[in-house]
Amino acid sequence: MDIWSEEEIVDLAKLLNLDVGRMTTLAKEWGGVPRSLLYFVRRHLTDSQIGSIYTRTASKAVQQCQEMLSSLQMNAIPDDAPSQFYFCEPRNNAEPSMQRRLPGASVPTRTLRRLLGEALQKQNNFVKRQFFHALHLPASTRQAAGYIYKSWFHSYFSAGKHIECHWVQGLDGVSSQAGTNLIDTNWDTVKVEKTPYHWVAPTGKNFPGVDSALILAEEIYVFQVTISTRHESPKDGLETLRARLPADLKKIPWRAWRVVFVGVDDSKIKTVANKWVGKLFATDNTNITIGWSEVDPVVKDITYRVFRDESDPDVEVNE
């Protein structure tokens, strides 16, 4: 399906004398496809009814992910395909001299990503592996895969599961660290009654390069959860997190902070971690400890749960 802009959706609603607010709200939730939006609005479907339609087809969308993405690239989508989840968007050609735009597949809304993630946990390991592999390859769908993987990791770690941290700077060997209960915070403070707790960064750019943190009494583990290899520096995110900690936790020295890059594949996430060796310094010039951890959602027992449906997707940066 091709995605229309908000301006085009507004013009369509006005032209057909339909509810503009309802049309634009649905477009943000389910994607800006006129055919679907007109179907929802003209039949006065409730949010619950619309959600049921997508939930029923989510499993099929997961199982046919690879075929759908290939079909979108060739602009040859079967009539019975679960096209409500995968959209076609224009993307710039890599060659600047060629004045054309090529189609790129995407999963454009957080609601669609959430439903895919929930459906994915019910599939067998082969389907799970195939799904992540298919979404990871095109840059246009990598954000959706990253969003699902982040929520999956937070579910796993907040359930008290252990992860192995392999250190590439600051410490030696491998450490096993247990997860703990997740807490929710507001935009301005990170405040709880006692440690330990697992905190997930709020939406927006307030904590760049930081997805969550395990706050202990004398140590802080900061996690960047990713399936990509290119990311912005977590330095500013670390500074913001430290500034918003309660006074007693601000006393934890920078030498007791650890940045752990979490990913699906050990070789790729190790490469990500190694990029920051010798480059991540605190305000007092302490060289922050850096490590990596492989947490594979296919082999781990993870129950999918969305912690912040509005959280940012897996954002790549250009090097």
So for R0 = 25 Å, FRET eff. of Thr229-Thr286 from the Cβ-Cβ r, to 0.05, ends up at 0.45
With label points set 7 Å from each Cα along the Cα-to-Cβ direction at Leu15 and Leu38, the distance between them in nm comes to 0.9
Sorted by chain and then number, the residues having a modelled amide H within less than 5 Å of the amide H of Phe261, at least 5 places away or on another chain, are Gln224, Gly291, Trp292, Ser293
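Could you rank the peptides 42-48, 196-202 by their average count of other C-beta atoms within 10 Å per residue, with the highest value first?
With the highest mean Cβ count within 10 Å placed first, the list reads 196-202, 42-48.
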With label points set 7 Å from each Cα along the Cα-to-Cβ direction at Ser48 and Lys194, the distance between them in nm comes to 4.2
Between the modelled labels at Leu216 and Arg22 (7 Å from Cα along Cα→Cβ) the distance in nm is 5.5
Note: probe point = Cα of Asn206 + 7 Å toward Cβ; backbone nitrogen < 15 Å; residues of segment 241-258 passing the test are 241-246
Stretched fully, the stretch from Val299 through Lys279 gains (0.36 nm per residue minus C-alpha distance, one decimal, in nm) 3.9 nm
Subtracting the Cα-Cα distance of Glu6 and Glu67 from 0.36 nm times their residue separation yields 19.1 nm
Rounded to whole angstrom, the alpha-carbon centroid of segment 1-70 lies from that of segment 108-179 at a distance of 27
A correct Karplus calculation of ³J(HN,Hα) over segment 230-237, with 6.51 cos²θ - 1.76 cosθ + 1.60, θ = phi - 60°, whole Hz and x for Gly and Pro, returns 10, 8, 6, 5, x, 4, 5, x
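Bear in mind that the values in this text are calculations on the coordinates, not laboratory data. Fair warning: this is a prediction, and the values are worked out from it, not measured in the lab. Don't worry about glycine lacking a Cβ; one is built from the backbone with ideal geometry, like all the others, and counts go over all protein chains shown.
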